[in-house]
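The values are calculated or read from the model by the stated rules, or taken from the named source; none is laboratory data. Remember, it's a predicted structure, so these values are computed and weren't measured experimentally. Just the protein is used for accessible areas: all its heavy atoms, side chains included, with ligands, DNA and RNA removed. Shrake-Rupley method; radii C 1.70, N 1.55, O 1.52, S 1.80 Å.
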Amino acid sequence: MPGRFFLTRPIADVAAALGVEVGSVREEPVRHNIAPGQEIIVLEKGRLTRMRWGIVPVGRVNARGRPVMETIVNARSETVFAKSAFAGVRRCVVPVDGWYEWTGEKRKKTAWRIAPKDGGLLLFAAIADTWNGPGGVVVDQVATVTCEPNGDVGPIHHRMGVILPPDAVTTWLNDDTDAAARLMVPYTDGLLDIAAAGNIDWSAP
């Protein structure tokens, strides 16, 4: 379940890989430590844009009709299309070079860097929402979708993000819910490189 992302390749390369224009995100810097609450690059409606990572569910309620209070950073695939808290969300994709997970006891944790062996992008299935706040404030928000881990990630975490093959992106973005739901499965085993993450400035953006 992604807790931090990294995206270090030029945004022009990201756009080219996805077959879209760079647009308004042209000046995105190299980022080794993207945390929830920060803006991240998102593919939605055929273009790259920025959204805040973490959906603040203002006005949303759970199945009991009670307000959802916690910020939603990751949404479970098993319930994302069924929970009332996610009613009306849009589908989008978060392109990254990889992500980090941690194992071990508090204050003695080991950080793990997870990236594709072929050096390509990872395309995380995600949902988006827009918060219309006081004074005309408009904030686009995103949460990644998670599923059971594959054989690579299982030894270090009990969940992982849903990673889409490039040829499944259009289905996730545009097709009906049933077609999208069939994509919410663990990533193919053997395609990820997992190594201890060293020399990372965890206070950096």
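Within the chain, what whole-number % of the accessible surface is contributed by carbon and sulfur, with the 1.4 Å probe and all protein chains included in the calculation? Solvent-exposed carbon and sulfur of the chain make up 50 percent of the total. Between Asp193 and Glu78, residue separation times 0.36 nm minus the direct Cα-Cα distance comes to 38.8 nm. Remark: region 52-57, residue by residue, has Karplus-estimated 3J(HN,Hα) of 6, 7, x, 8, 7, x Hz, where x stands for each Gly or Pro and the curve is 6.51 cos²θ - 1.76 cosθ + 1.60 at θ = phi - 60°. Normalised per residue, the accessible area of region 86-190 is 47 Å², obtained with a 1.4 Å probe and no contribution from ligands, DNA or RNA. Using C-alpha pairs under 8 Å with a sequence gap of at least 6, the mean separation divided by the residue count of region 80-205 gives a relative contact order of 26 percent. Each 10 Å bin, from zero up to the one with the longest distance, holds this percent of the alpha carbon pairs of the chain: 8, 35, 38, 17, 2. The alpha carbon convex hull volume per residue for region 3-61 rounds to 102 Å³. Partner lysines whose Cα lies under 30 Å from the Cα of Lys45, excluding those fewer than 8 positions away in the same chain, are identified as Lys83, Lys117.
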